Amino acid sequence: MRYRVLGKTGIEVSTHCLGTMMFGAFGNPDHEDGARVINAALDAGINFVDTADMYSAGECEEIVGKALKGRRDDVVLATKVHFPLGEGRNRSGNSRRWILKAVEDSLRRLDTDWIDLYQVHRPDHTTDIEETLSVLSDLVRAGKIRAFGCSTFPAEDLVEAHHVAERRGLMRMRTEQPPYSILARGIERAVLPTAQRLGMGVLTWSPLASGFLSGAHREGRPVDFTTGRAKRYPSRFDPAVPGNAAKYAAVEQLIALTEEVGCTLPELAVAFPLVHPAVTSVIIGPRTMDQLTASLKGAELVLDDAVLDRIDEIVAPGTDLYRADGVWQPPSLTDPAARRRPSGERAAAAG
């Protein structure tokens, strides 16, 4: 396993990061089995483990905490805050009030005295970014976290956070965690170049495009909507939905390419994000030991320029054929009122 410095933190992390979202009620509910997978990843040279408070409503953090007993000093441990936990108001978001509560709960579940990388899981435009940076800076000074970053932030929010930190004398976001795969290359346009310019580390998620690049979903074959992501998000896998045909066609072309390269589609998919010079580490999210073994098997795969050129022909750079699960969308897109003037003001001339 190779290691790279995470942004400007001086912390060295493996180029594969173990994502743990599939441990707990959401995926594999067997705590002991989850611990075995985590320890097998560590034995293989992975020293970077990523989790979040909302994964299986905190259960995932508990599994990770138990698995790291006796090995905590050797592991760079990352977790996240933002999504709702429990009923009631003020139990989500990026406010000082919620982050101070959430970090203590994560420390308790993880059974650790510190978190190496604490990430804001999504943007929160109801909270001033200065408020968020201020509390995160305080947590670093208190020794509860070593560094902090963000996940799925658009490029403009990365720039704003950087400039606010600079103006107010606060600590900076050191990392960004965006979705990135052969089918979801939109971040190549602005997010990755911006992260490079700001000296941020980048750990990418969903290299298999939520299973689309696993090889299980093929053109002309029936889709099993009774299990996995296809059950949770059927419209993203239904061949009858406009736009999905392009994804299935791309998969077939990629499978043909893997036959020439001599690798599997998942191996190609996991190797792809690491080629970009902005990417520090790729998150792999196995649910079982077999899935971990398959991911590690392709760790030495080198994609040469000819292969990368073929990939560019199949899915052009900067193109999104697939939108990863849970990707944040700005209010400028989701709120029609933000895109539409009042009806009386829409004409070029007064009526």
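The values are calculated or read from the model by the stated rules, or taken from the named source; none is laboratory data. Not measured: the values here are computed from a predicted model. Backbone-built Cβ (ideal geometry, glycine too); neighbour counts: all protein chains shown. Remember, those area values only see protein heavy atoms, side chains included, never the ligands or the DNA or RNA. Shrake-Rupley method; radii C 1.70, N 1.55, O 1.52, S 1.80 Å.
Descriptive notes on the structure:
- The criterion of at least 3 residues that are of a type outside the set (D, E, K, R) and more than 27 Å from Gly45 (Cβ to Cβ) is met, among helices (runs of 4 or more DSSP H) falling completely within segment 232-351, by 244-261, 331-334.
- For segment 188-209, residues that are within 23 Å of Met22 (Cβ to Cβ) and either of a type outside the set (Gly, Ala, Ser) or out of contact with any strand residue (DSSP E or B) (no Cβ under 9 Å at 6 or more places or on another chain) (or both) total 6.
- Just one of the numbered conditions (1) within 18 Å of Arg108 (Cα to Cα); (2) in contact with a Leu (Cβ under 8 Å, 6 or more places away or on another chain) is not true of Gly70: (2).
- Segment 105-120, subset assigned to a helix (DSSP H, G or I), touching a residue at least 24 places away in the same chain (Cβ under 8 Å) and of a type outside the set (Gly, Ala, Ser), residue farthest from Ile145 (Cα to Cα): Arg109
- Cβ-Cβ under 8 Å pairs, at least 6 apart or on other chains, segment 49-61 side open to solvent by 10 Å² or more (accessible area, probe 1.4 Å), far side in a helix (DSSP H, G or I) and of a type outside the set (A, V, I, L, M): Tyr55/Glu61
- Failed item, numbered, when His276 is tested on (1) over 15 Å from the mean Cα position of the chain (by Cα); (2) open to solvent by 50 Å² or more (accessible area, probe 1.4 Å): (2)
- Segment 264-290 residues that are under 28 Å from Asp33 (Cα atoms), paired with ones that are part of a helix (DSSP H, G or I) and among the basic types (Lys, Arg) (beta carbon under 7 Å, 6 or more apart): Glu267/Lys297; Met289/Arg36
- Residues satisfying the stated conditions in segment 193-209, i.e. assigned to a helix (DSSP H, G or I) and buried (at least 24 other Cβ atoms within 10 Å of the Cβ): Ala195, Ala209
- Within segment 231-255, the set of residues being open to solvent by 40 Å² or more (accessible area, probe 1.4 Å), modelled with pLDDT of 95 or more and of a type outside the set (D, E, K, R) comprises just one member, Gln253.
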